[in-house]
Amino acid sequence: MKTRAAIFHAVGEPFEVSEIDAADPGPNDVVVRMAAVGICGTDLHQVKGEFQRPTPIVLGHEGAGVVEEVGDAVTTVRVGDEVVLSWAPSCGECADCRAGRPARCLVLNRAIGAATLPDGTTGLSRNGEIVYRATATGCLADRVVLPERLALPTGSAVPLQEAALLGCAALTGVGAALFAARVRQGATVVVIGAGGVGQFVVQGCRIAGAEVIVVADPIEGRREQVLRLGATHAVHPDELRETVKAVIPAGADYAFDAVGDPETTMLAFRNAASGSTTMIVGLPAAGKRLDLDPIDLIRKEKWLAGTLYGSTDPAVALPILLEHVAAGRLELTSMLGPVFSLDDVNDAIAASLAGVPGRVLVAP
């Protein structure tokens with residue numbers, strides 16, 4: 001099968017949009033025609049050289065589209081179904097998958113590191129040479145062939161451009177608040193970073209009933225956006241400490257680092273109260289290390305933890321998020337940023353690197 005895809009070769013080089021070969025679907029595979037793909041921070045790590053994956057590689061893992069073809073053994077979706085892509089298929093056999101945490105699956109994480117599907121293949125090539133897949137997905141393309149487990153039906157509940165956000169940013173951010181930290185009613189919260197994931201963390205905290213949500217981000221447009229989404233205060237990081245002292249002098253009950261850099265993690269941790277929970281949500285660049293005095297954890301009985309992909313099974317979380325959307329509690333429309341064609345993928349990457357307030361999308 002032929003498909004057009006955006007191929008990343010090396011840091012500093014533009015993406016190349018080219019026709020490549022995709023393996024025909026097997027009995028448990030589906031073909032999805034992509035309608036929208038979000039540019040995620042994980043993609044940008046690769047673009048900036050902060051992750052080292054084999055190249056040439058097709059990036060993209062946050063997307064939505066329409067099922068065009070299904071294998072003989074596929075049972076969960078049909079041709080014509082609108083689906084959100086999940087980058088964390090469950091192998092169904094390891095301890096983490098049996099515990100309902102497929103994002104922790106060892107088989108999956110080995111595949112992500114090798115830039116393949118979980119079975120060790122990529123199913124993509126050009127001129128006889130292997131083309132790799134980012135995050136076990138590689139959906140910056142017109143059409144993708146994927147295991148059935150990666151295609152989660154939406155029931156056409158939301159437009160496809162909005163549905164794309166549910167595939168990663170929403171599951172990660174809302175899940176961090178609702179399923180990982182389990183923010184309680186009336187809580188106080190600090191969120192570091194107001195990009196796509198940070199904006200969904202804010203929404204998750206609002207849905208949970210947080211009373212005070214203080215957000216720090218250096219970009220004014222993003223600060224304005226989170227105030228519309230439920231933040232009670234939005235400030236430059238340099239103003240955070242003063243704001244927290246004024247609004248929640250004892251510190252926040254919950255703190256979230258939606259960036260993932262050690263400095264932003266410590267900024268979140270320092271503004272959290274005794275007995276608080278600090279969640280690392282954003283992915284750090286490879287090789288980064290956190291310098292932490294453990295007495296800070298012990299003396300104030302603080303919890304510091306990480307959360308991956310909302311700390312739950314995407315197949316379980318997606319219907320919950322769709323319920324919140326239907327009830328008007330979870331906002332998607334205003335989260336959308338500029339939309340670019342596949343041929344303009346380099347402009348999309350540039351816009352995302354520049355920090356535009358909304359999620360940058362590519363519509364193949």
For residues in the range 1-30 being out of contact with any Gly (no Cβ under 9 Å at 6 or more places or on another chain) and among the β-branched types (Val, Ile, Thr), which is nearest to residue 144 (Cα to Cα)? 3
Answer with yes or no whether residue 250 is touching a strand residue (DSSP E or B) at 6+ places or on another chain (Cβ under 9 Å), assigned to a loop (DSSP other than H, G, I, E, B) and either modelled with pLDDT of 95 or more or of a type in the set (Gly, Ala, Ser) (or both). yes
Return yes or no: is residue 266 surrounded by 13 or more Cβ atoms within 10 Å (Cβ to Cβ), modelled with pLDDT of 95 or more, part of a helix (DSSP H, G or I) and in contact with a Leu (Cβ under 9 Å, 6 or more places away or on another chain)? yes
Please work out if residue 35 is closer than 14 Å to residue 133 by Cα and at pLDDT 95 or above. no
Which numbered condition in (1) under 30 Å from residue 73 (Cα atoms); (2) at pLDDT 95 or above; (3) touching a Ser or Thr at 6+ places or on another chain (Cβ under 9 Å); (4) surrounded by 24 or more Cβ atoms within 10 Å (Cβ to Cβ) is the only one that residue 139 fails? (3)
Please find, among 20, 39, the residue that is hydrophobic (A, V, I, L, M, F, W, C) and surrounded by fewer than 24 Cβ atoms within 10 Å (Cβ to Cβ). 20
So, in the range 21-51, exactly how many residues are more than 24 Å from residue 82 (Cα to Cα) and either of a type in the set (A, V, I, L, M) or not assigned by TED's automatic domain parsing to the domain that holds residue 64 (or both)? 2
What is the residue count in the range 188-220 for residues that are surrounded by fewer than 21 Cβ atoms within 10 Å (Cβ to Cβ), part of a loop (DSSP other than H, G, I, E, B) and hydrophobic (A, V, I, L, M, F, W, C)? 1
When restricted to 150, 108, 165, 178, the only residue modelled with pLDDT under 95, over 19 Å from residue 77 (Cβ atoms) and crowded, with 19+ Cβ neighbours inside 10 Å is 108
With the range 97-165 as the region, which strands (runs of 3 or more DSSP E) entirely inside it contain at least 3 residues that are more than 26 Å from residue 324 (Cβ to Cβ), more than 19 Å from the chain's Cα centre (by Cα) and in contact (Cβ under 8 Å) with a residue 12 or more places away in the chain? 124-126, 143-147
Can you pull out the residues in the range 283-340 that are closer than 19 Å to residue 266 by Cα, free of Cβ contacts under 8 Å to residues at least 60 places away in the same chain, in a strand (DSSP E or B) and among the hydrophobic types (A, V, I, L, M, F, W, C)? 303, 304
Spot the failing condition for residue 47; the list is (1) in contact with an Asp or Glu (Cβ under 8 Å, 6 or more places away or on another chain); (2) surrounded by 17 or more Cβ atoms within 10 Å (Cβ to Cβ); (3) touching a residue at least 40 places away in the same chain (Cβ under 8 Å), and only one is missed. (1)
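The values are calculated or read from the model by the stated rules, or taken from the named source; none is laboratory data. These numbers come from a predicted model, not from an experiment. A quick note on method: Cβ atoms are made from the backbone with ideal geometry, for glycine too, and the neighbour counts reach across all protein chains shown.
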